[in-house]
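Below is one structure; the comments refer to it alone.
Taken together, the values in this text are just the output of simple stated rules run on the coordinates, not laboratory data. It should be emphasised that the depicted structure is a prediction, and the values quoted were computed from it without experimental measurement. Because the Cβ atoms are built from the backbone with ideal geometry, glycine has one as well, and the counts that use them run over all protein chains shown.
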Amino acid sequence: MQEYFKKFTYPELLFRNAELNPHLRAQWWFEKKEEKFLTYSELAEKVKKISSGLIYLGFEKGDRAAIFAPTCPGWLWADAGIICAGGISVCLYPALSSGELLSQLNDSGAKIVFVYDELMCEKIKAIWGEAKYLEKVVLLSGVDFFEDENLVALKTLMIHGDDFNHSNPFAFEERKKSVSYDDIMTIVYTSGTTGKPKGVVHTNKGFCCAVQRDISMIPQMKEGEVLLAVLPLAHTFERQCGHGVAMACKMTIAYTTPMSFAEDILFFKPSAFMAVPRLFKRIYKEIKDRSTSSFIKALIFNAGKNTASRVLEKNTDDKGFIDISEGRRLEKKAGFFLKWKYRFFDKILYSRIRKIFGGNLRFCFSASAILPAEICCFFVSSGVRVLEGYGSTETYNTVTLNPINRICPGSIGIPCTGIEWKIAEDGEYLVKGDNLFLKYWNKKAETSASFTKDGFFKTGDIVELMDNGYLRIIDRKKGLIVLDTGKIVPSAKIESLFSLSNFIEMAIPFGNDQKILTALVIPDFDAVIKYFEKKKIDYEKNNILYDKGVCVEVDRSFINNEAFLELIEKEIIDANLKLESWEKIKKYYISSRRLTEQSGELTPTFKVKKNVVLKNFQTEIESLYL
């Protein structure tokens, strides 16, 4: 454990593993259905060639190079290659529009951009003339050679790097060793949920302290264990909590996508993975739908869920804490009959749920939004350990976490090791620590405004200190809706009521400076269609648009179906019963399409950009107040 808590730069971490554990598997993935992997020694050699190739191209210390790619092994190769060359890696979300892409390339001053494939390369070509500093594009996958002088295939870059190393045998080591603890390592752009994205600047020191913070808060990981990467590496959550911790613990990093997650997790059988609440909700819903497809199955599922819930109650102390430490059997605290029922359902239900996660999962993490306590309890009571935490791009992720021996579902846990914190008078959560970002790139005024006079970062989130000493998120500070009566409504409270809805994917509330609260309703079209088919209800089947097997848009005649309107109305009424009079949704507009990343309405971690949604649905929302 001691070596985990030494100072290290990002290059030192990677090459330490290559030196001390050269034969350990570092990366594991499928490429065109063919299984592939790299050892830590092979990974370091690949990074050396990429880094040297960049130096050959004239890349200087402090230069910026961007990565425009989804989560894949090549993302890490590019990232490490840039940083080992003394550069600063710039993270670009793969779903950025051309305008956003151009803005972030120009803002960062990136000279080189690593691009995933030819399709994404076309986006770069479209803005090439307006990209002020861009000199070269490196293609991570696809063809090996180009005639275009501005394009370099990864294989070509590595050949240049290999040749450069032979003629300049000490250049790479000198450049790698020049990277200091306090040097800037990366620029990560915020998702822009409440405004224009800002470039968050992190140093090697911040990365090191963040990794050490996480390792001190979780059960000890073992070398060779597998971490499954599914979230965007352009976000700090997967990159630092996932890849950073995995490399520090000498784990194998396996790669998947949201579309292939269910299949890949069964193959890779990970010990851990990072996720957002949306993924857990989707899995929960699929389990529930599959387990209630017939009367008998529904009886078994509901009885099993009830039994697990009762066992979890027996394990919950008077402060609301539950110990889910590894090796601990929850049913031991139950009486004889309840214990027998739990073990019975474990064989026919809970064990199957654990197998969905590969059967080897030690624990997983949920962050980025509020995970409904009911979903957390469902998985935990089935033996799937879900640890919920809280952090942001600026804090290099985790500043609070539920410890595995004392989780409190519905909370974000306790402050992590090395984190100072306090709650401002208005409820905003303020934090301080060595893991914090250095500044916003090119934004001196915004940087200064983000800190208090005594150096605490203003997270922008309103929190509540619970009676047991744990923290609970109320809402984003900018997410609070102030009605013209002066009453305040937390958006998150409304949104959370629909997290387990049968037919509503999300309900987005509006009402600032208005007398009443309204909402934009995004239906779960697939669930509605499935219900109609089961009940043999006629509906408009024309003009239904699918994307990757998911219904994303329907005709307005589908929306105006009387049976459909009744389903949605019932969901709204049920939610309103749990709200104060001023919080109730008085009017709502039902969208005929889902929100998408491509339209700019969702971030890559599926947070809603409310300002974009308001702009895109302005006419419909305004009509609710006429």
Open item on the list: Can you compute 3J(HN,Hα) from phi for each residue in the range 570-576, using the Karplus curve 6.51 cos²θ - 1.76 cosθ + 1.60 with θ = phi - 60°, rounded to whole Hz and x for Gly and Pro?
Closed with: 4, 5, 5, 4, 4, 5, 4
TODO: Using the structure shown, select from Lys288/Lys578; Lys205/Lys422; Lys111/Lys453; Lys198/Lys615; Lys443/Lys477; Lys176/Lys458 the pairs with a Cα to Cα distance greater than 29 angstrom.
DONE: Lys111/Lys453; Lys176/Lys458
TODO: Compare the Cα positions of Val550, Asn512, Phe532 along the charge dipole of the range 483-623 (+1 at Cβ of Lys, Arg; -1 at Cβ of Asp, Glu; about the Cα centre) and return the one farthest towards the positive end.
DONE: Asn512
Open item on the list: Given a Förster distance of 25 Å, report the FRET efficiency between Asp434 and Phe37 from their Cβ-Cβ distance, rounded to the nearest 0.05.
Closed with: 0.15
- [ ] Report the equivalent ellipsoid semi-axes for the range 483-623 in whole Å, largest first, defined as the square roots of five times the eigenvalues of the gyration tensor built from alpha carbon atoms.
- [x] 26, 18, 13
- [ ] Can you tell me the dipole magnitude for the range 483-623 around its Cα centre, using point charges on the Cβ only (Lys, Arg +1; Asp, Glu -1), in Debye to the nearest 20?
- [x] 220
Open item on the list: Under the rule of at least 5 residues apart or a separate chain, name every residue whose amide H is placed under 5 Å from the amide H of Ile590.
Closed with: Val521
TODO: Give the dimensionless ratio obtained when the Cα radius of gyration of the chain is divided by 2.2 N^0.38 Å.
DONE: 0.99
- [ ] For the range 483-623, give the share of DSSP beta bridges that are antiparallel, in percent and rounded to the nearest 5; count only bridges with both residues there.
- [x] 70
TODO: List the residues whose amide H sits under 5 Å from the amide H of Thr256, counting only those 5 or more places along or on another chain, with H placed 1.01 Å from N in the peptide plane.
DONE: Ala229
Task: Residue-wise HN-Hα coupling along the range 307-322, computed from phi with Karplus coefficients 6.51, -1.76, 1.60 (Hz; x: Gly, Pro) - done: 5, 4, 5, 5, 5, 5, 4, 5, 9, 9, 7, 5, 9, x, 8, 10
Task: Distance in nm between pseudo-label sites at Lys132 and Glu286 (7 Å out along the Cβ direction from Cα) - done: 4.5
Open item on the list: Quick check: the distance between the Cα centres of the range 127-183 and the range 218-262, to the nearest angstrom?
Closed with: 26
Open item on the list: Could you tell me the calculated FRET efficiency between Lys125 and Glu19, based on Cβ-Cβ distance and R0 = 41 angstrom, to the nearest 0.05?
Closed with: 0.50
- [ ] Please list 473-480, 440-447, 385-392 highest first by mean number of surrounding beta-carbon atoms within 10 Å per residue.
- [x] 385-392, 473-480, 440-447
Task: Per-residue [θ]222 nm for the chain (sum of -39500 (n - 2.57) over DSSP H runs n ≥ 4, rounded to 500) - done: -10500 deg cm²/dmol
Open item on the list: If I model a spin label as a point 7 Å beyond the Cα along the Cα-Cβ vector, how far apart are those points for Arg328 and Lys6 in nm?
Closed with: 3.4
- [ ] Take the Cα of Asn543, step 7 Å along the line toward its Cβ, and report every residue of the range 579-602 whose backbone nitrogen sits under 16 Å from that point.
- [x] 590-594
- [ ] Compute the distance in nm between two label points, each set 7 Å from the Cα along the Cα-to-Cβ direction, one at Leu299 and one at Glu580.
- [x] 4.5
Open item on the list: Under the 0.36 nm per residue contour assumption, what length would be gained going from the current alpha-carbon distance of Ile423 and Asn560 to full extension?
Closed with: 44.6 nm
TODO: Assign unit charges at the C-beta atoms only (+1 for Lys and Arg, -1 for Asp and Glu), then state the dipole size of the chain relative to its Cα centre in Debye, rounded to the nearest 20.
DONE: 1920
Open item on the list: Taking the Cα centroid of the range 579-615 and of the range 343-409, what is the distance between the two, rounded to the nearest whole Å?
Closed with: 27
Task: Candidate lysines for bridging to Lys333, where Cα separation is under 23 Å - those fewer than 8 sequence places away on the same chain excluded - done: Lys305, Lys314, Lys319, Lys341, Lys347
- [ ] Could you tell me which of Leu338, Ala575, Ala210 has its Cα farthest along the dipole of the chain towards the positive end, charges placed at Cβ (Lys, Arg +1; Asp, Glu -1), taken about the Cα centre?
- [x] Leu338
Open item on the list: Sorting check: for 353-360, 180-187, which peptide has the highest mean count of neighbouring beta carbons within 10 Å, and how do the rest follow?
Closed with: 180-187, 353-360
- [ ] Return the lysines within reach of Lys515: Cα separation strictly under 16 angstrom, same-chain partners fewer than 8 residues apart disregarded; answer none if there are no such residues.
- [x] Lys487, Lys584, Lys586, Lys587
- [ ] Quick one: work out the % antiparallel among DSSP beta bridges in the chain, nearest 5.
- [x] 55
- [ ] Give me the aspartates and glutamates in straight-line cross-link reach of Lys478: C-alpha distance below 13 Å, same-chain residues under 8 apart excluded.
- [x] Asp426, Glu428, Asp461
Task: Whole-Hz couplings from phi, Karplus 6.51/-1.76/1.60, listed for the range 416-433; x for Gly and Pro - done: 6, 4, x, 9, 8, 8, 7, 10, 5, 4, 8, x, 6, 7, 10, 9, 9, x
Open item on the list: For the pairs Lys136/Lys177; Lys7/Lys36; Lys46/Lys432, flag any whose C-alpha to C-alpha distance is greater than 27 Å.
Closed with: Lys7/Lys36; Lys46/Lys432
Open item on the list: Between Val550 and Leu626, what's the calculated FRET efficiency when r is the beta-carbon distance and R0 is 45 Å? Round to 0.05.
Closed with: 0.85
TODO: Name the residues whose placed amide hydrogens come within less than 5 Å of the amide hydrogen of Val152, ignoring near sequence neighbours (fewer than 5 apart) on the same chain.
DONE: Val137, Val138, Leu139
